[in-house]
Amino acid sequence: MTLRALVFALLLLFSMWGVSASDLEREQRLVTEMEANLFDGEVVYLSDGDRDFAAALITNEDARGSVILLHGRGFHPDWQDVVGPVRVALAEAGWNTLSAQMPVLEKDKKYYDYVPLFPESYKRIEAAVKYIRENFDGPVVLLAHSCGAHMAMNWIDEVGDAQIDAYVGAGMGATDYGQDLIRPFPIEKMKVPLLDILGSEEYPRVLALAKERKRILAGSGNPQSAQVFIDGADHYFKDRNAELGEAIIAWLDGIEF
């Protein structure tokens, strides 16, 4: 067993022992903040089989399809960067959007601390997909940012990508100092079109991993997959959220579902 595989196995064991249970009180505070400031759409509650969790929903008549959004570490479904503005931009472009609350920990927790929460996130992703499939027609796109992308990619590695029709990863591969990616993203075995979108001013680690992802995408055999850079954008796309939304919409416009 490699060291990385051993670390992953130990982190999952810690999860089973309850060492890294999600912080439900902090999650509720984030949801309360979101509910108090939500201007676009409504808050709905979904069940992951164990508990209910919040999501921000915007619907359109004759929608082109639906996009499920997963926020970054420690945020909420309408966070000011990435998921908040992008879900609204997608809705204005004719998509239903469902931005799901993902499990969170205390503010000082790092990538390795979050790994044991990934199985909990899988249940929320599947609940969101189920909700969309049962209530709306059209393709289902999964869009995930930062830690949400870790959760989404590990979920796909576990169950495959048959439940979705396309995947958008923003700022994929971000970890903390001294913490390596413990499970390679399953890009090579993905069947659906994939958009790997990131800023030109990303963390060096993310930029380094992006080079390998570009190589894998080039050999994936899916001509609709692409890697796109937003010039001048950092990991959170601050002051570049409009460009981020436009690039995602443009890519989706070119997909043959």
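Here's the yes/no breakdown for (1) over 20 Å from Lys107 (Cβ atoms); (2) among the small types (Gly, Ala, Ser); (3) in contact (Cβ under 8 Å) with a residue 60 or more places away in the chain:
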{"position": "Ser22", "(1), (2), (3)": "no, yes, yes"}
{"position": "Glu25", "(1), (2), (3)": "no, no, no"}
{"position": "Glu35", "(1), (2), (3)": "yes, no, no"}
{"position": "Asp40", "(1), (2), (3)": "yes, no, no"}
{"position": "Ser47", "(1), (2), (3)": "yes, yes, yes"}
{"position": "Asp50", "(1), (2), (3)": "yes, no, yes"}
{"position": "Ala56", "(1), (2), (3)": "yes, yes, no"}
{"position": "Glu61", "(1), (2), (3)": "yes, no, no"}
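If you filter segment 104-137 down to residues that are of a type in the set (Val, Ile, Thr) and either within 14 Å of the chain's Cα centre (by Cα) or surrounded by fewer than 19 Cβ atoms within 10 Å (Cβ to Cβ) (or both), you find that the one that is farthest from His150 (Cα to Cα) is Val129. With the structure loaded, tell me whether Leu209 is modelled with pLDDT under 95, within 23 Å of Gly245 (Cα to Cα) and either in contact with a Gly (Cβ under 7 Å, 6 or more places away or on another chain) or of a type in the set (Phe, Trp, Tyr) (or both) or whether it fails that test. Here the answer is yes, as Leu209 does meet what is asked. Looking at Gly65, Gly72, Gly84, can you tell me which residue is crowded, with 19+ Cβ neighbours inside 10 Å, among the small types (Gly, Ala, Ser), over 17 Å from the mean Cα position of the chain (by Cα) and at pLDDT 95 or above? It is Gly65. Which is touching a His at 6+ places or on another chain (Cβ under 7 Å) and within 18 Å of Tyr112 (Cβ to Cβ), of Ala174, Ala170? Unique residue meeting the criteria: Ala174. Within segment 159-187, take every residue that is of a type in the set (D, E, K, R) and modelled with pLDDT of 95 or more and give me the one that is nearest to Pro103 (Cα to Cα). Looking at the filtered set, the residue picked out is Asp161.
The values are calculated or read from the model by the stated rules, or taken from the named source; none is laboratory data. These numbers were taken from a predicted model, which means no experiment stands behind them. Here the Cβ is made from the backbone with ideal geometry for all residues, glycine too, and neighbour counts use every protein chain on show.
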